[in-house]
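Novice: Input: one structure, supplied below.
All of the numbers you see were taken from the coordinates with simple rules; none came from a lab. These numbers come from a predicted model, not from an experiment. Note that we place each Cβ from the backbone using ideal geometry, even for glycine, and neighbour counts take in every protein chain shown.
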Amino acid sequence: MRLRAFEIITLVIAGVCAIAPLPPRLVETAFSIRVYPLIQHVVTPVTNLLPVAVFDLLLLAGVVAVVVALVGGVRRARRERRVQPVLAAIWHLLVAAAVVYLVFLAVWGLNYRRLPMSDRLALESGTPGRDAVMNLGRESVRQLNVLHAAAHKAGWPGAEWRDDRLRAAFHQVQAMLIDAPLAEPGRLKWTLLGPYFRWTSVDGMVDPFALEVLANPDLLPWERVFVAAHEWAHLAGFADESEANFVGWLTCLRGDEAAQYSGWLYLYWQISGEVATQDRTELTNALADGPRRDVAAILDRLRRGQLPLLRNASWIVYDKYLRANRVEQGIRSYGEVVTLILRARFEDGWTPVRRTAP
């Protein structure tokens with residue numbers, strides 16, 4: 001009876017946590033800038049030392065546990081000629097899922113409910129128009145044309161998490177945006193999910209349990225730096241995709257020429273995917289031969305690897321996941337970074353202006 005009561009309480013707590021609104025400021029002050037940094041400073045340095053993805057081990061263990069529970073329940077049901085063992089197995093799996101969800105929230109997931117970037121930055125009112133978007137797109141093209149030769153000559157770091165300048169840039173951006181201990185960058189790891197990433201055009205993800213970075217094995221060198229910076233932003237507690245893109249882009253701008261090139265390439269890619277066909281053609285035609293080849297290489301990588309049906313289904317599922325975690329724009333939150341950049345006020349050197357407290 002005590003065990004059953006514990007299981008019921010666990011399910012109730014998980015259900016309440018899933019649907020109950022939490023004040024963002026409370027999450028910010030009690031979890032995101034106090035508890036979470038303590039967890040991240042312990043977990044990520046440990047998982048960085050491991051060449052394998054801890055997430056793979058957790059995933060395999062979870063699959064084995066589900067199979068064993070269901071097969072055991074079915075066998076017992078057939079032996080005893082009653083359905084209760086199967087129902088008991090399903091009940092225990094539901095309780096286990098509730099425990100996993102609570103661990104997810106406690107380790108990382110509550111960051112979805114922290115204060116949004118709009119509460120941190122001084123923002124211009126209104127929605128940016130076409131001219132503002134295109135001017136930012138033209139600036140990204142100009143930067144790509146200027147930086148291409150130097151970036152390719154310098155080359156890209158093979159281990160981004162150990163690159164001193166990129167680490168310093170990441171810490172600098174964090175200090176601009178939040179008053180909290182600085183997050184530890186994560187090592188980009190290959191994973192058993194690599195083929196899935198390839199088929200669905202996913203560049204990477206953060207393991208919300210072991211706080212490590214999992215990367216698409218097909219990423220090109222000029223993509224990896226931004227992907228690393230984006231995922232580091234998630235490790236810093238910026239769960240929203242547009243905010244992680246914003247932090248990742250600002251981090252790249254403070255790195256060397258290769259990092260800057262990677263950041264501007266990302267922004268060009270994002271803008272060109274959102275503007276009208278005529279405007280996209282203008283931006284594409286303005287690219288010099290070098291950046292044009294790099295963009296073509298990315299397109300070729302995506303076309304070779306993706307399975308459109310699986311990709312579309314995957315993004316639908318991820319959209320529902322984001323919305324379930326209070327990201328109202330779903331997967332459209334990726335593109336919100338352009339609006340965020342254009343509305344934010346910057347000082348020299350793309351330094352965002354913090355919002356003054358009321």
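Novice: Using a 10 Å cut-off around each Cβ, can you sort Asp179, Asp294 from fewest to most neighbouring Cβ atoms?
Specialist: With the fewest neighbours first, Asp179, Asp294 line up as Asp179, Asp294.
Novice: Relative to the longest principal axis of the chain, what angle (0 to 90°, nearest 10) does the C-alpha long axis of helix 36-48 take?
Specialist: 90
Novice: Using 0.36 nm per residue of separation minus the Cα-Cα distance, give me the extension gain between Val64 and Gln306 in nm, one decimal. Can you show the working numbers first?
Specialist: On the way: separation 242, 0.36 × 242 = 87.12 nm, distance 2.79 nm.
So the chain would gain 84.3 nm between Val64 and Gln306.
Novice: To the nearest 500 deg cm²/dmol, what mean residue ellipticity at 222 nm is calculated for the chain from DSSP H runs of n ≥ 4 alone, each contributing -39,500 (n - 2.57), summed and divided by the residues?
Specialist: Here the helix-only value at 222 nm equals -21000 deg cm²/dmol.
Novice: I've got another one for you. Relative to the longest principal axis of the C-alpha atoms of the chain, give the angle of the C-alpha long axis of helix 164-177, reported between 0 and 90° and rounded to the nearest 10°.
Specialist: Helix 164-177 and the main axis of the chain meet at about 80 degrees.
Novice: So if each residue of separation counts as 0.36 nm, and I subtract the Cα-Cα distance between Leu299 and Leu50, what length gain in nm does that give?
Specialist: 86.4 nm
Novice: I would also like to ask the following. Rounded, prolate or oblate: which fits segment 2-113, taking a ≥ b ≥ c as square roots of the Cα gyration tensor eigenvalues, rounded meaning a/c under 1.5, else prolate when a/b beats b/c? Please report the intermediate quantities before stating the final value.
Specialist: Values: a/c = 3.83, a/b = 1.59, b/c = 2.41.
Oblate, since a/c reaches 1.5 and b/c is not below a/b.
Novice: Would you pull out the residues with amide H under 5 Å of Gly204's amide H, same chain only if 5 or more places away, H placed 1.01 Å from N?
Specialist: Asn216
Novice: What is the gain in length, in nm to one decimal, between Ala154 and Leu3 on full extension, counting 0.36 nm per residue of separation less the C-alpha to C-alpha distance?
Specialist: Roughly 48.3 nm would be gained on extension.
Novice: Give the angle, between 0 and 90 degrees and rounded to the nearest 10, that separates the Cα long axis of helix 54-80 from the longest principal axis of the Cα atoms of the chain.
Specialist: Once rounded, one gets 30 degrees.
Novice: In a GNM of the chain with a 10 Å cut-off on Cα contacts, which of Ala97, Ala286, Ala61 has the highest mean-square fluctuation?
Specialist: Sorting by GNM fluctuation, first place goes to Ala61.
Novice: For a test of the definition: using alpha carbon positions, the gyration tensor, and the 1.5 limit on a/c, classify segment 118-345 as rounded, prolate or oblate. Numbers along the way, then the final one.
Specialist: Values: a/c = 1.11, a/b = 1.07, b/c = 1.04.
Judged from the Cα gyration tensor, segment 118-345 comes out rounded (a/c under 1.5).
Novice: When the Debye formula is applied to the Cα atoms of segment 271-310, each taken as the same point scatterer, what base-10 log of I(q)/I(0) results at q = 0.31, 0.32 Å⁻¹?
Specialist: With one equal scatterer per Cα and no solvent, log10 I(q)/I(0) is -0.99, -1.00.
Novice: Could I ask something else about it? Quick check: the distance between the Cα centres of segment 273-296 and segment 110-161, to the nearest angstrom?
Specialist: Going from one Cα centre to the other spans 16 Å.
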